[in-house]
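Q: Mind looking over this structure? Questions follow.
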Amino acid sequence: MNKLNSGRWALGLMSLTIWGISGCKKLPDFGALSTNFVVVTKYDNNAEFSTYKTFAIRDTIQVITENPKDSIWFDQDAQSIIQEVVKNMQDAGYTRVPVGSSITDLGIQLVGLRNTTIYSVPPGYWWGYPGWYPPCYWGYCGGWGYWYSWGYTYSVSTGSLIIEMVDLKNAGHLEKLNIVWNASGSGQVGTSTSFVVSQCLRTVDQAFLQSPYLKTH
């Protein structure tokens, strides 16, 4: 499968607005930076999206996690995400057809990724940290630094939703499957299924919002 070897990037950070006011400025909501997914889209400059009229989409989401038993996501939550893609495609003027139809112009599939990163903070991490006062400040001098008999670890779970759009209309004479558009939304996730689903839905809507060229006319 041919990757997008030519295209343009679009980067959207949902729910983040920075307002500039004369004499003062309002800081962004830094909490939103760690909750809302960052959405990136890319498309093939050679693709003429107005020439595509139909699309087919898989009814499952492929899942890749640290659990080797994970493979597909197909419950009601997954269907709501898939239907959000369908809605955006139809709003752009495309007609959905069954998978395997001979008149399919575009094929769409979704992939979900989840990964847990574990960070380890060794003893004495704060020693020498900018703004952290040395021992003498507290009245303990003697040429030594702080000593901790322990360290600590913490983990961060991150997730991504990837949407890939393949040109099936020209696959025959090109003798290859060309990805003409893809989108990915990534960010920190927790254990709440409803939060993950809401971020996936936001990713879909934001991806189409920043891709106005996806239309049949």
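Every number in this text was worked out from the coordinates using simple rules, so none of it is lab data. These figures come from a predicted structure and were not determined experimentally. No Cβ is skipped: glycine too gets one built from the backbone with ideal geometry, and neighbour counts run over all protein chains shown.
Q: Would you tally the net charge around VAL99, using a Cβ to Cβ cut-off of less than 11 Å, leaving VAL99 out, and scoring K and R as +1, D and E as -1?
A: Once positives and negatives cancel, what remains is +1.
Q: Once amide H atoms are built 1.01 Å from N in the peptide plane, which residues 5 or more positions from ARG96, or in another chain, come under 5 Å H to H?
A: PHE55
Q: Mind listing the phi-derived Karplus ³J(HN,Hα) values for the stretch 203-217, rounded to whole Hz, using 6.51, -1.76 and 1.60 with θ = phi - 60°, and x for any glycine or proline?
A: Result, rounded to whole Hz: 4, 4, 5, 5, 4, 6, 4, 8, 10, x, 6, 7, 7, 8, 8.
Q: In addition: In whole Hz and in residue order, list the ³J(HN,Hα) couplings for the stretch 91-104 that follow from phi through the Karplus curve 6.51 cos²θ - 1.76 cosθ + 1.60, θ = phi - 60°; x for Gly and Pro.
A: 5, 7, x, 8, 10, 7, 10, x, 4, x, 5, 6, 9, 6
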